[in-house]
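Okay, so here's the structure we're looking at.
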Amino acid sequence: MVVRAAGGALWRPAGDGAVETAVVHRPRYDDWSLPKGKLDDGEHPLSAAVREVVEETGLDVVAGRRSVRTEYEVDEGTKRVDYWLMRVTGGEFVPNDEVDELRWLPLEDAAALVSHEADRAVLADLSRTGVPRELTLLLVRHGRAGDKSSWDGPDDARPLDGKGRRQAARLAEVLPLFRPTAVRTARRTRCRQTVEPLAEHVGLALEELPELGEEEYSADPPAGLAAVERLLAPREEPGVTVVCSQGGAIPSVLMSLGVRWAGAAGALWPPAAKGSVWALGGRPGALAADYYRDFWPDGDDPGPR
């Protein structure tokens with residue numbers, strides 16, 4: 001039996017380019033560890049990771065780069081824990097039933113204190129300097145929009161179908177964990193409809209980014225890449241720009257950034273399924289690139305087809 005759990009490697013700047021991380025003491029086990037917990041039914045690991053961190057620490061966090069997955073044996077079977085790096089932006093720790101003490105420590109001191117080797121693997125990932133901890137851009141492919149051949153109007157106006165609307169609603173639930181500061185879209189109805197619920201949820205105006213439309217990008221790739229590179233620029237404050245684009249543009253952009261995909265039969269072309277998200281940070285050569293096929297638990301959209 002696999003027991004699913006998720007957690008966070010918390011960090012904050014400590015001056016001179018260094019960072020500190022938070023470790024917690026659990027009185028039930030009398031151990032020092034990273035905040036984590038089991039998934040609720042129907043919960044994506046990222047949502048569970050942030051929820052557990054907030055419940056155990058009381059701190060405000062912004063989800064960043066996906067970290068490592070650890071596995072170890074427990075009484076119920078194999079425990080599988082997915083971690084994300086999370087920058088702390090506020091909040092205050094208050095002792096509770098699960099965690100009675102929290103300590104901020106340099107990474108080396110935290111690795112020496114934690115009780116489990118699996119946590120040291122996560123802290124080792126947090127200490128990496130060749131890839132950014134934070135994200136700046138989420139590239140979203142529009143949700144499902146039915147069969148093109150059955151749509152009578154202009155293709156630019158083809159709307160989302162029922163599944164596409166469910167995908168848009170799910171994105172609006174999960175993407176705020178990355179703290180969107182801008183939401184932009186290609187000039188297609190299906191693209192706009194995919195991120196409209198998100199923009200409304202976080203209280204942002206929805207802006208157009210025509211350079212990343214499929215036809216526009218094909219006509220002028222340098223203009224599209226220039227727009228992406230601007231959005232990848234490092235920020236003083238944490239947060240991401242969300243951009244909804246199309247399947248004919250997103251993989252080409254990723255290839256130009258140096259992203260490759262070890263897929264079936266050794267394919268290198270990065271995937272971009274409808275409703276999927278690429279979470280990006282950094283620059284070519286030092287790029288964080290996480291692919292989220294969707295945000296349903298175990299990739300399962302529970303709604304009718």
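The values are calculated or read from the model by the stated rules, or taken from the named source; none is laboratory data. For clarity, every value in this text was computed on a predicted model and none was experimentally measured. Glycine gets a Cβ as well: all are built from the backbone with ideal geometry, and neighbour counts include every protein chain shown.
Residues are listed down the side, and each one gets a yes or a no for (1) out of contact with any helix residue (DSSP H, G or I) (no Cβ under 7 Å at 6 or more places or on another chain); (2) modelled with pLDDT of 95 or more; (3) farther than 21 Å from V50 by Cα:
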{"position": "R165", "(1), (2), (3)": "yes, yes, yes"}
{"position": "L171", "(1), (2), (3)": "no, yes, no"}
{"position": "L177", "(1), (2), (3)": "no, yes, no"}
{"position": "T181", "(1), (2), (3)": "yes, yes, no"}
{"position": "G213", "(1), (2), (3)": "yes, yes, yes"}
{"position": "L225", "(1), (2), (3)": "no, yes, yes"}
{"position": "G239", "(1), (2), (3)": "yes, yes, no"}
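Pairing residues of the range 186-197 that are surrounded by fewer than 24 Cβ atoms within 10 Å (Cβ to Cβ) with residues that are hydrophobic (A, V, I, L, M, F, W, C) and part of a helix (DSSP H, G or I), at Cβ distances under 6 Å and at least 6 apart in sequence or on separate chains, gives T189/A157; P197/A168; P197/A169; P197/A172.
Summed over the range 231-244, residues that are at negative phi, surrounded by 11 or more Cβ atoms within 10 Å (Cβ to Cβ) and either of a type outside the set (A, V, I, L, M) or assigned to a helix (DSSP H, G or I) (or both) total 6. Counting the residues of the range 165-178 that are touching a Ser or Thr at 6+ places or on another chain (Cβ under 8 Å) and of a type outside the set (V, I, T) gives 5. Screening the candidates R120, R144 for the property of being buried (at least 19 other Cβ atoms within 10 Å of the Cβ), of a type outside the set (S, T, Y) and out of contact with any Pro (no Cβ under 7 Å at 6 or more places or on another chain) yields one hit, R144. Per the conditions (1) in contact with a Cys (Cβ under 8 Å, 6 or more places away or on another chain); (2) assigned by TED's automatic domain parsing to the domain that holds H44; (3) among the small types (G, A, S), the sole criterion not satisfied by A186 is (2).
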